[in-house]
Amino acid sequence: MISFGTSGWRAVMGDEFTFLNVRRVVQAIANYLKQKFPGQDLSLVVGYDTRFLSERFAQEAASLLSKNKIQVYLTERDCPSQALAYQIIRGGHSGGINFTASFNPPKFNGLKFNVETGAPALPEVTDQIENEVERVKAEAVTPDYYPDRCYIHSVDLQSGYLEFLQKKIDFKIIKKSGIKIGIDLLFGTSREYLDEILEENGIPVEVIHGYIDPYFGGISPACTEKNLAELKKLVKNRGCALGLSTDADGDRFGLVDEKGRLVIANYVLALLLEYLLRIKGWRGGVARSVTTTHLIDRIARNYDLPVYRTPVGFKYLADLFIKGRIIFGGEESACLAVKDHLPEKDGIFAGLLVAEMMAVYGQSLTELLNQLFKKYGKMVGAQTSLGLSTGISKRLKELVKDPPETIGGKQVKSVETMDGLKLVFSGDSWLTLRFSGTEPVVRCYSEAETWPEARALLNSGIKLLC
């Protein structure tokens, strides 16, 4: 059964992700929209990333949607997910379909569906689409049709999104600071978005991997320590104050400090939250997923702000964002939401906001992190994944129903089961065990004030499962 996970439907090309299955899912989305907006004129933005066949899948989707008499705004080139979301809002469209597997390896492709607000579809929507997929299977959706060109329009997402972004960042203060920025585009969709807006504002940049390679240089297009090795060298060798990167569809960020060291996403989120509260004076709800650092909680407590906890998946943060309950939301997988921006992940915006923060403070990332840890203490995380066997799956379900009271001699202070099992201990330390929404694995996370303690918690969690 085709299923939507944490962020859309993803699968291996030629295996589950085929043209036949893509047509089934697209037809299911068309049916869902007709049911949701009966008698209304429908329109969808359709985009794609730089993966092998992504553009072809998008064209196939556009053709099928035109057969359904749905107006299609097909992007004229590959595009970041957040640029597509902005176009949905800007054009008042019924939603959007984006062909991307985000940070997954090149053999994967995927389909994301955003609703009319620009936000990723929540489970109550994707559940209906999944049911519709099963129903339309019997109809044998075949390619024996021609696109109705009256319903297909080419649309430029770059200019509108960059104009929107120009108003969100203080580029003048970044330029005045004199910092040089290294950029690794990882062969993805941020090409001529992230680099171009900096160059147009007179900010010196050094760019690598700013061209299309469907195989992403033989790596997965994720902003990991290993994958950003060349960016780390670039920053050190060219005297950059900051290194910025985004994944294949531009919605996640990766940061390297002035010494060429990767700064983990949890610390970036904490720095930005402190910046927005302390310097910009924002006040309101703060949200994080169950696997995101509790530094967020410490900062929120300092400013007497409520903290909302969500399952893993940016769509849950986006829902709070749209309802006006939060001014800030973050996930440890390098996802950021802030007020007055977009209800979609935006790695380009996140990186630029860090550059603005550094310029305003007049300090390096190293200095800013040291000050953050001095004020709030340091939290250290550990993470691993276990292959999803029948035994591990059964054990995790049992633990959710009957959580332990102690782990490794530590007393459990509270339990959360909104997404797997999360055990919280004193001192903001915690352990989370959950089923992945993108791969057949169980994700294991821990966080504590020291690395030995975080590692010990993680090992205890693994023992619970094995």
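The values are calculated or read from the model by the stated rules, or taken from the named source; none is laboratory data. Everything quoted here is computed from the prediction, not taken from an experiment. Note: ideal-geometry Cβ built from the backbone for every residue, glycine included; neighbour counts use all protein chains shown.
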Picking from Asp195, Asp170, Asp184, which residue would you name as being modelled with pLDDT of 95 or more, buried (at least 18 other Cβ atoms within 10 Å of the Cβ), touching a helix residue (DSSP H, G or I) at 6+ places or on another chain (Cβ under 6 Å) and among the charged types (D, E, K, R)? Asp184
Answer from Ala222, Ala241 - the residue that is within 22 Å of the chain's Cα centre (by Cα) and on the phi < 0 side of the Ramachandran plot: Ala222
List, please: which pairs have Cβ atoms under 6 Å, are six or more places apart or on different chains, and start with a residue in the stretch 1-24 that is more than 22 Å from Glu344 (Cβ to Cβ) and end with one that is at pLDDT 95 or above and in a loop (DSSP other than H, G, I, E, B)? Val12/Lys107
For Leu421, the lone unmet condition from (1) over 13 Å from Ser460 (Cβ atoms); (2) touching a residue at least 12 places away in the same chain (Cβ under 8 Å); (3) among the hydrophobic types (A, V, I, L, M, F, W, C) is (1)
Would you mind stating whether Leu277 is in contact (Cβ under 8 Å) with a residue 24 or more places away in the chain and either assigned to a loop (DSSP other than H, G, I, E, B) or more than 17 Å from Leu122 (Cα to Cα) (or both)? yes
So is Arg298 farther than 29 Å from Lys180 by Cβ and either touching a Phe, Trp or Tyr at 6+ places or on another chain (Cβ under 6 Å) or in contact (Cβ under 8 Å) with a residue 60 or more places away in the chain (or both) or not? yes
For the stretch 307-349, enumerate the residues that are in contact with a helix residue (DSSP H, G or I) (Cβ under 7 Å, 6 or more places away or on another chain) and surrounded by fewer than 20 Cβ atoms within 10 Å (Cβ to Cβ). Val307, Tyr308, His341
Of all residues in the stretch 437-459 being modelled with pLDDT under 95 and not in a strand (DSSP E or B), which is farthest from Val12 (Cα to Cα)? Gly437
Filtered residue count, the stretch 252-302, keeping only those that are aliphatic (A, V, I, L, M), under 18 Å from Phe373 (Cβ atoms) and surrounded by fewer than 19 Cβ atoms within 10 Å (Cβ to Cβ): 1
Name the single residue that is farthest from Leu353 (Cα to Cα) among those in the stretch 198-225 being surrounded by fewer than 18 Cβ atoms within 10 Å (Cβ to Cβ) and aromatic (Phe, Trp, Tyr). Tyr215
Looking at Gly239, Gly182, which is the one that is under 24 Å from Lys168 (Cα atoms), touching a residue at least 40 places away in the same chain (Cβ under 8 Å) and not β-branched (Val, Ile, Thr)? Gly182
Which residues, counting only those in the stretch 399-436, are assigned to a loop (DSSP other than H, G, I, E, B), in contact with a helix residue (DSSP H, G or I) (Cβ under 8 Å, 6 or more places away or on another chain) and among the polar types (S, T, N, Q)? Thr417, Ser429
Using the structure shown, decide if Ile181 is out of contact with any strand residue (DSSP E or B) (no Cβ under 9 Å at 6 or more places or on another chain) and either among the charged types (D, E, K, R) or at negative phi (or both). no
